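The values are calculated or read from the model by the stated rules, or taken from the named source; none is laboratory data. Being a predicted model, the structure only gives us computed values, none of them experimental. Please note: Cβ atoms are built from the backbone with ideal geometry, for glycine as well, and neighbour counts cover all protein chains shown.
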Amino acid sequence: MLRARQGDLEAFSTLTSSRTGRLFAVARLILRHHELAEDAVQEALIRAWQDLRGLRDPDRFDAWLHRLLVRACYRAAERDRRHAAVELDIERPVPAAGGDPQGSIAVRDQLERGFRRLSTEQRAVIVLHHYLGLSLADAADTLGIPLGTMQSRLSRATQVMRAALEADERTPALAGETLR
Amino acid sequence: MTPRDPFETTLEHWLDAEAAEMAPATIHDDAMRAARLVRQRPTWFIWLRGGVDAAPRARVRPLVARPQVLLVLGLILLLATVVVVGAGVIRQLQPQSSTNGRIMFARDRAVGKAEYVTTVPDGSDEVRFMEADQCGQCTFWSPDGRQIMIPTTVDGRLRTAIIAPDGTQQRTLAFPDATFGLGPGAWSPDGRQVALEAVEADAASQYGIYVTDSDGSSALRQVTTAIAGRTDEVPTYSPDGRRIAFLSKNPGNPPVVYGSGDLFIVNADGTDLRKVNPTGTTFVATAANGRPMAWSPDGRQIVFNAVEEPLDAGRSAVYLANVEGGDPVRISEFGSWIAMVEWSPDGAWIVWGEADNGDGRPRTWIAHPDGTAVRQLIGPGTPISGCCATWSPDGTRLLFQRGDSRGNGDLWTMDKNGAVLDQITHQQARYIWFSWAPAP
C-alpha cells in the first residue's frame with residue numbers, strides 16, 4: 001500500500017489484482033450489463049490510482065474502492081440511460097434435474113426479473129448488503145448516504161422485488177382463470 | 001433471535017450464483033494500461049479537497065473547520081468580484097444588444113398552403129411573408145438577419161428572390177439562361193454570395209450547385225455538375241465560406257424520404273470534390289424540421305446523418321467527419337431516420353432530431369461532438385413530445401416544436417438541459433421549418 005501511494009504502479013496492480021474479480025461481480029450485479037461493468041471497474045481502478053495519495057486511512061481501502069466503484073456504476077448507468085435494450089443472457093445453462101440447489105429455475109427467473117425492475121441505486125444497496133455482506137452502517141458509508149436513507153432504500157428495494165415476484169406468481173393464475 | 005427471512009436467504013444465494021460469472025481475464029491488465037497513462041494527483045490537490053476518504057463524518061463536518069477551504073473560497077470570491085466588476089465596466093462601455101433576432105417558421109395548418117412567417121422571440125409581431133406548397137425548408141435568413149432568401153417563379157421557371165423580413169422589397173435574382181431553374185440554397189457566411197440549386201433543367205449538365213453575388217452583381221458560376229441521373233441539393237457553406245457541403249440526391253433510391261444519396265464537400269471554387277458519408281451508407285435529407293448536416297463553428301468538422309443499407313430499413317446514426325480527411329466516426333447510437341443535426345454556436349454541443357420508431361414519438365438528443373454526455377431532450381423518457389430543435393444565435397436556447405403524435409403543436413423554447421422556457425406560437429399546426437436569425 002505504501003509503495004502504491006508513492007506512485008508505484010506495479011504495487012498498485014498487485015494491490016488490486018486480487019480484488020478485480022469481486023469488483024466486476026459487484027458492477028455486473030448493479031448494472032446488469034457486461035461491458036458497462038467492465039467500464040465501471042476500469043474507471044474505479046483508474047480513479048483509485050489517481051487519488052490513492054489522499055486516502056488517509058489505508059484500512060478503509062476496500063470500502064473506498066467500493067465507493068468509487070458504485071459511483072462509476074452510477075455514471076455508467078447514466079451514460080447508458082438512453083439504451084432501452086437491456087443486456088440479455090442469450091442462453092443460460094439449464095442445470096440437470098435435481099441439480100438446482102436453490103429450488104426451481106422459475107424462482108431464479110423471477111428473481112432476475114424482479115432485480116431488473118429495480119433502479120441502479122436500489123440494486124446497489126441490495127448488492128452491498130446482501131452480496132458483499134456489509135452492515136447497513138458500512139453500506140451507507142460506502143454509498144455516502146445517511147444510515148436512515150440506506151435503511152429506507154433497502155426496505156423499498158426489497159418491497160419492490162417481493163412485489164414483482166408476487167405479481168409474476170399471480171400472472172399465470174389470472175391468465176388461466178381468464179381462459180376458463 | 002429473529003428468524004431469518006427465507007426471501008433474503010434465497011436472494012443471497014441467487015446473488016452469489018449470479019456473481020459467479022468470471023471477470024474477463026484482461027480487465028485488470030486493461031485498467032493498469034489505462035492507469036499508466038494518467039498520473040496520480042498531487043498531494044496539494046487532494047489536500048485542498050480534504051482527502052478522499054469522505055466518510056460521512058467528513059460530510060457533516062462544517063466547512064469552516066477547514067482553513068484551506070476558507071482560503072480557496074476567499075480567493076474565488078476575490079476573483080469573482082474582479083470579474084463581475086470588470087464585466088460591468090465593459091458592459092457600460094459597450095452598446096447593449098441581444099444577439100437573438102427574429103424567428104422564421106413555416107406553419108402548415110392542413111388547410112390551403114403552408115404559411116411562412118417571421119416573429120419576434122416572444123411570439124408577438126407575426127408577419128406572414130409567403131405562402132407555398134411542397135416547399136418545406138426553402139427560406140433562409142441572411143447571416144445578418146436583415147434579409148430572407150425565398151423561392152419564386154419567373155415564366156414558369158424556378159427562381160430565387162431576396163426579401164426583407166416583413167415580406168417587402170422583393171428582389172428576384174436575374175439569370176439570363178431560361179433553360180433551367182435555380183432555387184435558394186444557402187447564404188455565404190459574409191452574406192455576399194448565395195449558393196443555389198438547379199433541380200429542374202433541360203440539359204443534364206445544367207444540374208448542380210451554382211454561386212452568385214447576393215446583390216446580383218456577378219455572373220452565375222456553376223460550382224458542381226451533378227452525377228448523371230442525380231441532382232445536387234441542400235448546399236451549406238462552411239463557416240469560413242471556403243467550402244460547400246451538399247447532397248448528391250439519387251432519385252433511384254427508394255422514395256422513403258425527401259432526398260437521399262451522398263454527402264459531398266467541395267471548395268467554393270469547384271475544386272477538391274470529396275464524398276463524405278461512409279461506404280455502405282446513404283445520406284438523407286428530409287423535407288422539413290432542419291438541415292441534415294452541420295459544420296462545426298471552426299469549419300474543421302462536419303456532422304451529418306447516414307443510413308445503413310438497406311435504405312428502407314431506416315437504421316440511421318449521426319457521424320462526424322474531419323474536413324481534412326479520415327474516416328467519419330459514428331457519434332450516436334443507431335436509431336430511426338435522423339431529420340436534422342445542428343452544432344451549437346459555441347461548438348460544445350450537437351443536437352439531432354430523430355423520427356419516431358412507429359410509436360408516434362420522435363426523439364431529439366443532445367451530446368458533445370465526441371458523442372459523450374448524450375441525453376434525450378424530447379420524446380419517450382422525457383416529459384416533452386415534439387420534434388427537432390434549432391439553436392438561438394446566442395446559443396442559450398433551443399427552438400423546437402412541442403406537439404402531439406400527429407405532429408401538431410406549437411413552437412417553444414428550452415435550454416440545453418431540456419428545461420422548457422417559453423411558448424412562442426399559439427396556433428396548433430405542423431411547424432415544418434423554423435430557424436432563428438441573429439439580431440440585425
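Number of residues in segment B:319-354 that are part of a loop (DSSP other than H, G, I, E, B), farther than 16 Å from B:Asp415 by Cα and more than 14 Å from every other protein chain (Cβ to nearest Cβ) equals 7. Among residues of segment A:18-65 being within 13 Å of the chain's Cα centre (by Cα) and not in a helix (DSSP H, G or I), the one that is nearest to the other protein chains (Cβ to nearest Cβ) is A:Arg32.
In segment A:146-163, the residues that are within 19 Å of A:Arg117 (Cα to Cα) form Cβ pairs under 8 Å with partners that are assigned to a helix (DSSP H, G or I) and β-branched (Val, Ile, Thr), at six or more places apart or across chains, as follows: A:Met150/A:Val125; A:Arg153/A:Val125; A:Leu154/A:Val125; A:Leu154/A:Ile126; A:Ala157/A:Val125; A:Ala157/A:Ile126; A:Thr158/A:Ile126; A:Met161/A:Ile126.
Residues checked against (1) under 24 Å from B:Arg221 (Cβ atoms); (2) without any contact (Cβ under 8 Å) to a residue 40 or more places away in the chain:
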residue	(1), (2)
B:Ser124	no, yes
B:Cys135	no, yes
B:Met149	yes, no
B:Ala161	yes, yes
B:Pro165	no, no
B:Gln169	no, yes
B:Thr179	yes, yes
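Every condition in (1) under 23 Å from B:Ala19 (Cα atoms); (2) surrounded by 14 or more Cβ atoms within 10 Å (Cβ to Cβ); (3) modelled with pLDDT of 85 or more is met by A:Gln151 except one, and the failing one is (1).
Right, B:Thr364: of a type in the set (Ser, Thr, Tyr), surrounded by 15 or more Cβ atoms within 10 Å (Cβ to Cβ), outside any loop (DSSP other than H, G, I, E, B) and under 12 Å from the mean Cα position of the chain (by Cα) or not? Quick ask: steps written out before the conclusion?
Numbers: of a type in the set (Ser, Thr, Tyr): yes; surrounded by 15 or more Cβ atoms within 10 Å (Cβ to Cβ): yes; outside any loop (DSSP other than H, G, I, E, B): yes; under 12 Å from the mean Cα position of the chain (by Cα): yes.
Spelling it out, B:Thr364 is indeed of a type in the set (Ser, Thr, Tyr), surrounded by 15 or more Cβ atoms within 10 Å (Cβ to Cβ), outside any loop (DSSP other than H, G, I, E, B) and under 12 Å from the mean Cα position of the chain (by Cα).
Restricted to segment A:1-17, and to residues there that are facing another protein chain (nearest Cβ under 8 Å) and in contact with a helix residue (DSSP H, G or I) (Cβ under 7 Å, 6 or more places away or on another chain), the residue that is farthest from A:Arg113 (Cα to Cα) is A:Leu9. Among all residues of segment B:201-208, there is at least one that is among the aromatic types (Phe, Trp, Tyr), in a loop (DSSP other than H, G, I, E, B) and crowded, with 21+ Cβ neighbours inside 10 Å. Among the residues of segment A:125-143, just one is farther than 21 Å from A:Gly21 by Cα, surrounded by fewer than 15 Cβ atoms within 10 Å (Cβ to Cβ) and within 11 Å of another protein chain (Cβ to nearest Cβ), namely A:Ala137. Quick check: anything in segment B:391-414 at pLDDT 90 or above and of a type in the set (Asp, Glu)? Taking every residue of segment B:391-414 in turn, at least one turns out to be at pLDDT 90 or above and of a type in the set (Asp, Glu).
How about segment B:125-150: which of its residues are assigned to a strand (DSSP E or B), surrounded by fewer than 18 Cβ atoms within 10 Å (Cβ to Cβ) and not basic (Lys, Arg)? Steps first, answer last, please.
Going through segment B:125-150, the residues assigned to a strand (DSSP E or B) turn out to be B:127-132, B:140-141, B:148-150.
Those still in the list that are surrounded by fewer than 18 Cβ atoms within 10 Å (Cβ to Cβ) too: B:127-128, B:131-132.
Selection gives B:Val127, B:Glu131, B:Ala132.
Can you tell which of B:Gly216, B:Gly252 is in contact with a Leu (Cβ under 7 Å, 6 or more places away or on another chain) and either at positive phi or not in a strand (DSSP E or B) (or both)?
B:Gly216
Conditions tested, residue by residue: (1) crowded, with 22+ Cβ neighbours inside 10 Å; (2) over 28 Å from B:Pro189 (Cα atoms).
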position: B:Ala285; (1), (2): yes, no
position: B:Pro297; (1), (2): no, no
position: B:Phe304; (1), (2): yes, no
position: B:Asp312; (1), (2): no, yes
position: B:Glu324; (1), (2): no, no
position: B:Val329; (1), (2): no, no
position: B:Ile338; (1), (2): yes, no
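Residues of segment B:313-338 that are over 20 Å from B:Ala373 (Cβ atoms) and of a type in the set (A, V, I, L, M): B:Ala313, B:Ala321, B:Val323.
Considering only residues of segment B:220-237 that are part of a strand (DSSP E or B) and under 10 Å from B:Lys249 (Cβ atoms), which is farthest from the chain's Cα centre (by Cα)?
The initial filter retains those residues of segment B:220-237 that are part of a strand (DSSP E or B), namely B:221-222, B:231-237.
Now narrow it down to the ones that are under 10 Å from B:Lys249 (Cβ atoms): B:231-234.
Working: B:Thr231: 24, B:Asp232: 21, B:Glu233: 18, B:Val234: 15 Å.
The extreme case among them is B:Thr231.
How about segment B:12-60: which helices (runs of 4 or more DSSP H) wholly inside it have at least 1 residues that are over 30 Å from A:Thr158 (Cα atoms), modelled with pLDDT of 70 or more and at the interface with chain A (Cβ under 7 Å from one of its Cβ atoms)? Break it down into steps so the answer makes sense when it comes.
Working: elements: B:27-36, B:43-49, B:56-60.
Hits in segment B:12-60: B:27-36.
Taking segment A:106-118 as the range and being without any contact (Cβ under 8 Å) to a residue 24 or more places away in the chain and either touching a Lys or Arg at 6+ places or on another chain (Cβ under 6 Å) or of a type outside the set (A, V, I, L, M) (or both) as the test, the residues that pass are A:Arg108, A:Asp109, A:Glu112.
In the condition set (1) under 16 Å from the mean Cα position of the chain (by Cα); (2) more than 25 Å from A:Gly21 (Cα to Cα); (3) modelled with pLDDT of 85 or more; (4) within 11 Å of another protein chain (Cβ to nearest Cβ), A:Met161 is compliant with all but (3). Do you know which residues across segment B:364-401 are in contact with a Ser or Thr (Cβ under 8 Å, 6 or more places away or on another chain) and within 14 Å of chain A (Cβ to nearest Cβ)? Across segment B:364-401, the qualifying residues are B:Trp365, B:Ala367, B:Gly371, B:Val374, B:Gln376, B:Leu377, B:Ile378, B:Gly379.
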